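Inspection log for the structure reproduced underneath, given as structure tokens.
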Amino acid sequence: MRKFIYAALIAASTIIAIQSCKKSGGSTTPEESPAFDRKAMLINISANIILPAYTSFQTATANLDAAVTAFNASPDNTKLVALQSAFQAAYKQWQSTSVFEFGPAETATLRVNVNTYPTDVNQINANVTAGTYDPNILANLSAKGLPALDYLLFGTGADNNAILLMYTTDSRAANRRAYLAKLSAELKAEAATVLSGWGSYRATFEGSVGTATGSSTSSLINQLVYDYEILKNYEVGIPAGVQSMGTTFPTKVQAYYSKMSLQLALLHTQAIQNIYTGKSAQGDGQGLDDYLIKSNAKAKDGSSLNTTILNQFAAAITKLQGLTDPLSANIVSNPAAVTAAYTELQKLTVLLKTDMTSSLGILITFGDNDGD
Amino acid sequence: MTEINTPKHIAPLAVFRIAFGTIMLISTLRFILKGWIEAFYIQPVFHFTFYGFHWVKAPAATGMYTLFALLVISSLLVTIGLFYRIAIGTFFLCFTYVELIDQTTYLNHYYLISVMAFLLILVPANRYFSADVWRKPQLYTECVPAWTINIFKLQLLLVYLFAGISKLNYDWLIAAMPLSIWLPASSWMPVIGQLLSKFWVASAFSWFGALFDLFIPFLLIRKETRKPAYIVVIIFHLATALFFKIGMFPYIMITVTTIFFSADTHLEILSFLNTLRSVKAKESHGSHRYAESYLIPLQKMDLIYAVLIIHFSLQLLIPLRYLLYPGKLYWTEEGYRFSWRVMLMEKGGTIFFHVKDPSTGRTSEITNPQYLTRFQENMMATQPDMILQYAHFLAEEYQKKGIKNPVVTAQSYVTLNGSGSRLYIDSTVNLANETESFDHKKWILPFDKN
């Protein structure tokens, strides 16, 4: 054994000599400062961003439901416009509410219940014809929520006069009104459930200060990245044909019938940026940007990763702003501009998904690892 | 030659068998209870196989559960020492087969388990303190040749030594990477939390880790240092368990390193276990009616020697194969696996595949989640051989969809130890035309030049 030990030691020192001493990172010595206060970030995000988002969404869906009730009681043009406007307000609010699919929202599978699109017009019409609607069957997932209302309120006629007829003189007007009521009531109930769930979940969220899978920071970052990918793929990429050999699907955009797809995509991007920066009506609180700065995270060129991410948010938003609503028409008339916006959104995916999570040592895998 | 043929008391081997069987039983049950059979082997539609092992396929759900049932039963049999050779052989085969199904789940400690199980097949670990001896008293043995115990010490020595050597580089020792990324993630911990985000703490951990790996096997071998060294083993591995999500690894190492203790210590352990048992085994009787020394026919011995020489030669050479490849090892990962390189890098990536129909020039981006689990996608994004395998799979899929000779390219961004993400592989190369081999993959872009 002794001989072997000597041999091993000699071999070891040879290898050490050979082993490359090249440096990996553009990273420099982290600052000698106290650790980042994850709890402060979680408190800022839950108190100033998440709870206000759910509160607003709950209000918006309650207003929507009230507008449906008013409209159904005596359908006329004024009440239709009011209802459409309540719907648009709810859809806009959803853009800053969709990210947080953990805790109560995960339990309620809020995201797919509220916003599965493209909506299934045939399924909706079948439900209207039959006069029945079961919210629990899978086929109705794409016949409910905001996208179904988008069709019912904007897509059932060429203009508001034609749409109004579908709720007044059409042979299935009563069924259609009942369907509206069921959908808006369902949304209202879901929003209320999740909001009330946060009443007790908030302490859990703010108290889970670790970084393992299932911790609040990990859940938040995972869902932020996931929701951002939905934005990139479903709101822009897939309709623009990036996953279908260039064949475009303009009707697959979010809010196709109400023609506010781009406006929503911009709101959505902005909302994700606000979570990242920790900005809210209360000012610029602790966010992931502060976390990255504290971790001294660097981008490829050695500059601050936070700056790179903010620049990429700006670049993506600029490209989106270069487009116009209806996005579906843009996709047909100027597909290159839409795919150019998609490319900028894609770059941000890499920064959020890879650079940010890796710099923070946040676990996103499910199995064990041995660090390789 | 004293380390090979000197008669030694069998006790360390018996304890090792019990310890290994027990920890494997726990490990397997934990795997099952976490639902990982479903998540890792049943759900995925595609599996990343190892080069040369493409014939290893994941059986259907029933088959998968049968494999794990066999693992549970065989590790239990190994523990109590019943039908030992069949049990440890079954364990080795089933475990290795499961590991070969998908390299997504590759872990160095799973490889270590396969190696240890293989070595256990060669030794008479059931001839003392076992159900086999109770069943067939003539198997009872007190003396075994030293090699039957020393092969495990040698194996563990190699594991620690190579793990230590791999830490002797700039990233680990000077930049304190990846610990200066990983440790601050635990800053929420009470008392020590604030310290963990200090650079000097990450440096200290890095240096201690390297020194630990390099010297601990020798300190365990020396009688004078053994006890304190084992206490350090326990503290070190428990600390890694606390900070990192590395599953059973720390507990496995704490368990298997007991092999370094003397026969006397192991006899004490066994007599302690004996007091726990209700049924007393035959070996406790005083009169020596049975053969006490383990004798192996010469021919069989030659075979075992040959196997061991080949095994340990490979164990010495495989971790060094990376020297044959150009480029930065952590970046290319050519020659990275099976080398006891643990906890060495924080690497992450995002990869977008594109399939082009050469007849129309039109391109589709692939939604990876339709074929891969998130775990698979994450692991694939940073490992070139997996990227290539997936690209070939995509080429086949699109061939089936009626596209002739689809062109598969990948836009892949990888960050290594906080370097910031950069292009990983040449995004202009048609991966469908590249073949897997042990040669250097020229389409991996160099780390420094982009």
- Would you work out what percent of the accessible area of region B:2-321, with all protein chains in place, is carbon or sulfur (probe 1.4 Å)? 73 percent
- How far apart, in nm, are two points set 7 Å out from the Cα along the Cα-to-Cβ line at B:Lys400 and at B:Asn5? 6.0 nm
- Gain on full stretching of the segment that runs from B:Ile73 to B:Ser271 - 0.36 nm per residue minus C-alpha separation: 68.7 nm
- Message: List, by residue number, every residue in region B:218-244 with a reduction of 40 Å² or greater in accessible area between the chain on its own and the complete protein assembly, 1.4 Å probe.
- Response: B:Phe218
- Query: Pairs A:Lys294/A:Lys353; B:Lys198/B:Lys227; A:Lys92/A:Lys294; B:Lys223/B:Lys245; B:Lys153/B:Lys227: which exceed 22 Å Cα-Cα?
  - Reply: B:Lys198/B:Lys227; A:Lys92/A:Lys294; B:Lys223/B:Lys245
- Long-range amide H contacts for B:Glu434: which residues qualify at under 5 Å (H placed 1.01 Å from N, peptide plane, sequence gap of 5 or more or a different chain)? none
- Cα-only Rg/Rh for the protein assembly as shown with Kirkwood Rh rounds to 1.04
- If R0 is 41 Å, what FRET efficiency do you get for B:Gln299 and B:Phe53 from their C-beta distance, rounded to 0.05? 0.85
- If you take the charge dipole of region B:346-433 about its Cα centre, with +1 on Lys and Arg Cβ and -1 on Asp and Glu Cβ, which of B:Asn405, B:Met379, B:Gly349 is farthest toward its positive end? B:Asn405
- In square angstrom to the nearest 100, the accessible surface buried at the A/B interface, both sides summed with a 1.4 Å probe, amounts to 6100 Å²
- Item | Nearest-0.05 FRET efficiency for A:Thr168 and B:Leu33, computed from C-beta distance (R0 45 Å) | 0.15
- Item | Nearest-20 debye value, region B:2-321 charge dipole, Cβ charges on Lys, Arg, Asp, Glu | 420 debye
- Message: Could you compute Rg(Cα) / (2.2 N^0.38 Å) for chain B, with N its residue count?
- Response: 1.09
- Item | region B:342-440: GluC sites (Glu not before Pro) falling in loop per DSSP and having at most 16 other Cβ within 10 Å | B:Glu436
- Would you calculate the separation in nanometres between label points at B:Asp448 and A:Ala139, each defined as 7 Å from the Cα along the Cα-to-beta-carbon direction? 6.4 nm
- Query: Alpha carbon centre of region A:77-142 versus region A:213-240: separation in Å?
  - Reply: 19 Å
- Message: Give me the inter-chain shielding for B:330-337: mean count of other chain Cβ atoms within 10 Å, whole number please.
- Response: 1
- Which of A:Ala191, A:Ala178, A:Gly155 sits closest to the plus end of the dipole of region A:151-204, meaning its Cα is farthest towards the positive end, when Lys and Arg get +1 and Asp and Glu get -1 on the C-beta? A:Ala191
- With label points built 7 Å along Cα→Cβ from the Cα atoms of A:Thr132 and B:Ile26, find their separation and express it in nm. 5.5 nm
- Note on the structure: Result for the protein assembly as shown: accessible area per residue, probe 1.4 angstrom, in square angstrom, of 40 Å²
- Task: Could you tell me what percent of the accessible area of region A:123-276 is made up of carbon and sulfur, with a 1.4 Å probe and every protein chain present?
- Result: 56 percent
- Query: Which FRET efficiency value, to the nearest 0.05, is calculated for A:Ser85 and A:Thr193 with the Förster distance at 25 angstrom and r the Cβ-Cβ distance?
  - Reply: 0.50
- Item | Cβ-based charge dipole, the protein assembly as shown, positive-most Cα from A:Ala203, B:Thr363, A:Ala90 | A:Ala203
- Message: Filter chain B for me: DSSP H helices, axial length by Cα at least 15 angstrom, mean Kyte-Doolittle hydropathy not below 0.0. List them by residue number.
- Response: B:11-33, B:61-80, B:84-101, B:108-121, B:147-165, B:199-221, B:223-243, B:263-276, B:298-317
- Item | Only Lys, Arg (+1) and Asp, Glu (-1) charged, at Cβ; region A:35-179 dipole about Cα centre in debye | 160 debye
- Message: Per residue of region A:305-311, what does 6.51 cos²θ - 1.76 cosθ + 1.60 with θ = phi - 60° give for ³J(HN,Hα)? Whole Hz please, x for Gly and Pro, Karplus curve as stated.
- Response: 5, 4, 4, 4, 5, 4, 4
- Item | Note, ³J(HN,Hα) from phi for region A:282-289, Karplus 6.51, -1.76, 1.60, rounded to Hz, x at Gly and Pro | 8, x, 8, x, 5, x, 5, 4
- Item | Under 17 Å from the Cα of A:Lys182 - aspartates and glutamates, other chains or at least 8 residues apart | A:Asp65, A:Asp120, A:Asp134, A:Asp150, A:Glu190
- Item | Dipole magnitude of region A:210-365, debye to nearest 20 (Cβ charges: Lys/Arg +1, Asp/Glu -1, about Cα centre) | 160 debye
- Note on the structure: Bridge orientation stat for chain B from DSSP, antiparallel percent rounded to 5, came to 95 percent
- Item | Violating pairs (Cα-Cα greater than 26 angstrom) within the set B:Lys136/B:Lys300; B:Lys8/B:Lys136; B:Lys57/B:Lys401; A:Lys347/B:Lys404; B:Lys347/B:Lys404; A:Lys252/B:Lys404 | A:Lys347/B:Lys404; B:Lys347/B:Lys404; A:Lys252/B:Lys404
- Item | Distance from region A:304-364 to region B:363-429 (C-alpha centre basis), Å | 20 Å
- Note on the structure: Sequence order, region B:349-359: Karplus ³J(HN,Hα) from phi using 6.51 cos²θ - 1.76 cosθ + 1.60, θ = phi - 60°, Hz rounded, Gly and Pro as x, gives x, 10, 9, 10, 9, 10, 10, 10, 8, x, 6
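The values are calculated or read from the model by the stated rules, or taken from the named source; none is laboratory data. Treat the numbers as computed from the prediction; the structure is a model and nothing was measured. As a convention, Cβ positions derive from the backbone with ideal geometry for all residues, glycine included, and neighbour counts pool all protein chains shown. The area values use the complete protein model at the heavy-atom level, side chains included, leaving out ligands, DNA and RNA. Shrake-Rupley method; radii C 1.70, N 1.55, O 1.52, S 1.80 Å.
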